[in-house]
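Here the structure comes first, spelled out in structure tokens, and everything after it is commentary.
The values are calculated or read from the model by the stated rules, or taken from the named source; none is laboratory data. Everything quoted here is computed from the prediction, not taken from an experiment. Positions of Cβ are generated from backbone atoms using ideal geometry, with glycine treated the same way; all protein chains shown enter the neighbour counts.
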Amino acid sequence: MRHILAILLENEPGALSRIVGLFSQRAYNIESLTVAPTNDNSLSRITIATYGDDKVLEQIVKQVNKLVDVIKISELTDRKHVERELLLLKVAAMNDKSRTEVKRICDIFRGSIVDIGKQIYTVELTGSSDKLNAFIEALSNETEIIESARSGCVGIARGEKALRV
Amino acid sequence: MTTETFTGAEMVVKALSALKVKYIFGYPGGSVLDLYDAIFQQNEIEHILVRHEQAATHMADGYTRATGEVGVVLATSGPGATNCVTGIATAYMDSIPMVVLAGQVPTTLIGNDAFQETDIVGCTRPIIKHSFNCRNLEDIPNVIAKAFYIASTGRPGPVVVELPKDLLIPQNKAPFSIETNVKMRSYNPNIKGHPKQIRKAVKTISEAKKLVVYSGGGIVLADASELLTKLVETLKAPITNTLMGLGGISGTHENFIGMLGMHGSLEANKTMANADVILALGARFDDRVTNNVEKFCPNATIIHVDIDPTSISKTINAHVPVVGLVDIVMQQLLDELSNINYSPDEEALKDWWQQIHIWRDMRKVGYKQIEGEKIKPQRVVEAMYKITKGEAYVASDVGQHQMFAAQYYPFAKPRQWINSGGAGTMGFGLPAAMGAKLAFPDKHVICITGDGSIQMNIQELSTCMQYNLPVVIITLNNRSLGMVRQWQDMVYDGRHASSYMESLPDFIKVAEAYGHIGIKIDTLDELDSKLEQAFNIKNKLVFVDVLVDEKEHVYPMHIRQGAVDDMWVEKGVKA
């Protein structure tokens, strides 16, 4: 099962490598990982999308928590949450038909065309990872996908619950 | 008024002094020469010069295991630091607090593949509790204070501090300030057991008909053997120890049923397999304990007390998990037992103990020593026990001799038994014994080893000479890598691939070349007297080379992939 973990940790050199090292050392999966400082510059927030059964997930949460740099870890997928990922795609737009199709699919998914070249459109879409997958599939049925850049997902719990120090 | 300023090197020494460090185990080199210069110019901390950095880590480790104090290692950058890796991994696997100060090339050269540059923080990441890249002179004292705090609290472990050369040189100075009362927002080791879990644990215990206490290295680390003994006597339950937990309760206590696991006693493993409640204290259900986890104690309710939540339900599911320091949790358990006016179910206990005695009687004679034949290694350990009255510190290397020592030397107290249980590091024994001897010069300190293991750090005989560390080295010399050979006999149809030690040195001459005394024992009739003679020499290191039967196997032994009590009790005989 897919899980999204949000981790609040000290914004120290090496903190990220400890997380990544832990996942590879203990053979846990990483589907995506994003990291950036928070509004408090002394803290970083990492979001990891991972796969594993309950036993593996329990160990991941405990092992991450055990790292000295980690302040808090929260599993977002076990409660209501908002999940977003950013996608940038370069797709072939060689003729009217493909240009129209790309524009139409973008409209349907509420994506946007952010750059155009002679034979290429660059499109942007934000949403859940599932939505991004569906968008990519729809486009690939109509035209060639030349380059894909995904941010990996970030997420936040709904309601009052907050991950903070 | 001008504030007094110090170089980074001086700060390191001042910080270590503030943390009451007595010894540093290390080896100099380019990146840490300034630090060595600072150590040279003071008298509070003594530096012990080893002959290889790996030995520095093991010696610090042995010192720590014997005393409970944090061991400090100092190595230069590059190969000096990488030589520490095995020792750091050894400490990590057995949760030994250690601070390793590693030199580094100047910050301006980091990343340039400079001479003797290695990313030691990167190299050691999977085998440390935490590490620091020190990058500012002013930070040095508090980084070191944090390193000690992290190493020694919670589940202890090694911490690496990387010190670039430009932070240590005389040209750079800064004021010194240190906060030894460390607080960290991201690190708060859990201390007390949750009251609800304590009540649940006590309820489970009070309903048990066939309770067994299974305790590990956590008891030793927490110096909690008195509490453990009290708890066991309150419960009147049988107790087994892991390899790491030996001495947690006296090996001659009437409730002690021996070590469990791969080479544990038959009654300990049978008792585990048939228990209805297992109270696990500071133990982690290692694969050398459980055998096949699918078949492990299927009928038992497991109460698991550990300071490290990741150890709980990692391999074996715990029905009653209790996270906390084992000494505090045991006190909580005792308090709760007294709250409910606990008294054991005497009738159930009688049946349970009767059954355990039957298993104990099923135990075959561990070994057969026949007069006139080769010396059995077990017989050597028994002689060693008799002569030292069971009071020696015994540091072991890794292999058959380690298991024989664990089986045939019942340890009265914790910290007497010093061995690399988790990592299984050959070469650990001699330097670890040296660390213990440094701490307790008036006690018997034995290094029990084999002809394979001793050669992995034999150069430390030189360090023993320099610092007058008269340990007694007892080599169970079987001219082979005994444990490897045993597996090859049992699993590989007796094909002894590379387990035969050809061209062994004359250990007596080796010992003498380093300035020590060598005693060779090759017949049974001279064993006791010559061993006695060795232990009577107080001020010189004695290297005892005992030629033992190379065909002897360690029994009992788990049958591979079986249940915890599926055991070979002697060659070809199953329990």
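Here are the numbers:
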| read-out | value |
| --- | --- |
| Residue count, segment B:172-188 (criterion: touching a strand residue (DSSP E or B) at 6+ places or on another chain (Cβ under 9 Å) and without any contact (Cβ under 8 Å) to a residue 24 or more places away in the chain) | 2 |
| Which listed residue, of B:Val381, B:Val326, is outside the structural domain of B:Leu235 (by TED's automatic domain parsing) and either at negative phi or surrounded by 11 or more Cβ atoms within 10 Å (Cβ to Cβ) (or both) | B:Val381 |
| Search result, residues across segment A:28-65 that are more than 16 Å from A:His3 (Cβ to Cβ), more than 10 Å from chain B (Cβ to nearest Cβ) and not in a strand (DSSP E or B) | A:Thr38, A:Asn39, A:Asp40, A:Asn41 |
| Qualifying position, being surrounded by fewer than 24 Cβ atoms within 10 Å (Cβ to Cβ), basic (Lys, Arg) and in contact (Cβ under 8 Å) with a residue 24 or more places away in the chain, among B:Lys443, B:Lys437 | B:Lys443 |
| Hits in segment B:92-132 - residues which are within 12 Å of another protein chain (Cβ to nearest Cβ), over 30 Å from B:Ala283 (Cβ atoms) and without any contact (Cβ under 8 Å) to a residue 12 or more places away in the chain | B:Asp119, B:Gly122 |
| Lone qualifier among A:Val68, A:Val123 - being within 30 Å of B:Arg125 (Cβ to Cβ), of a type in the set (Val, Ile, Thr) and touching a helix residue (DSSP H, G or I) at 6+ places or on another chain (Cβ under 7 Å) | A:Val68 |
| Residue match in segment B:177-188 (condition: more than 14 Å from every other protein chain (Cβ to nearest Cβ), assigned to a loop (DSSP other than H, G, I, E, B), of a type in the set (Gly, Ala, Ser) and surrounded by fewer than 18 Cβ atoms within 10 Å (Cβ to Cβ)) | yes |
| Which numbered condition A:Val82 fails, given (1) part of a loop (DSSP other than H, G, I, E, B); (2) surrounded by fewer than 19 Cβ atoms within 10 Å (Cβ to Cβ); (3) of a type in the set (A, V, I, L, M, F, W, C) | (1) |
| Matching option when the condition is within 17 Å of the chain's Cα centre (by Cα), more than 26 Å from A:Leu67 (Cβ to Cβ) and modelled with pLDDT of 95 or more, among B:Met259, B:Met244 | B:Met259 |
| Filter pass, A:Ile116 being within 14 Å of chain B (Cβ to nearest Cβ) and among the β-branched types (Val, Ile, Thr) | no |
| Flag if B:Ala102 is more than 24 Å from B:Ser396 (Cβ to Cβ) and in contact with a helix residue (DSSP H, G or I) (Cβ under 6 Å, 6 or more places away or on another chain) | yes |
| Residue satisfying all of: in segment B:399-433; surrounded by fewer than 24 Cβ atoms within 10 Å (Cβ to Cβ), of a type in the set (A, V, I, L, M, F, W, C) and under 14 Å from the mean Cα position of the chain (by Cα); farthest from B:Val50 (Cα to Cα) among these | B:Ala423 |
| All helices (runs of 4 or more DSSP H) inside segment B:291-399 with 3 or more residues being touching a strand residue (DSSP E or B) at 6+ places or on another chain (Cβ under 7 Å) and under 30 Å from B:Leu476 (Cβ atoms) | B:377-387 |
| Single residue of B:Ala275, B:Ala268, B:Ala300, B:Ala280 found to be under 24 Å from B:Arg155 (Cβ atoms), crowded, with 18+ Cβ neighbours inside 10 Å and not hydroxyl-bearing (Ser, Thr, Tyr) | B:Ala280 |
| When residues of segment A:13-27 are limited to those that are in contact with an Asp or Glu (Cβ under 9 Å, 6 or more places away or on another chain) and facing chain B (nearest Cβ under 9 Å), the one surrounded by the most Cβ atoms within 10 Å (Cβ to Cβ) | A:Arg18 |
| Residues of segment B:132-145 that turn out to be within 30 Å of the chain's Cα centre (by Cα) and within 16 Å of A:Ala15 (Cα to Cα), as a count | 4 |
| Meets criteria (free of Cβ contacts under 8 Å to residues at least 24 places away in the same chain, more than 14 Å from chain A (Cβ to nearest Cβ), over 22 Å from B:Ser177 (Cα atoms) and of a type outside the set (S, T, N, Q)) for B:Leu49 | no |
| Condition broken by A:Val68, with the remaining ones in (1) assigned to a loop (DSSP other than H, G, I, E, B); (2) more than 11 Å from chain B (Cβ to nearest Cβ) satisfied | (2) |
| Filter pass, B:Glu138 being away from chain A (no Cβ under 14 Å), of a type in the set (Asp, Glu) and part of a helix (DSSP H, G or I) | yes |
| Of all residues in segment B:483-518 being acidic (Asp, Glu) and surrounded by 13 or more Cβ atoms within 10 Å (Cβ to Cβ), the one that is nearest to B:Tyr555 (Cα to Cα) | B:Asp489 |
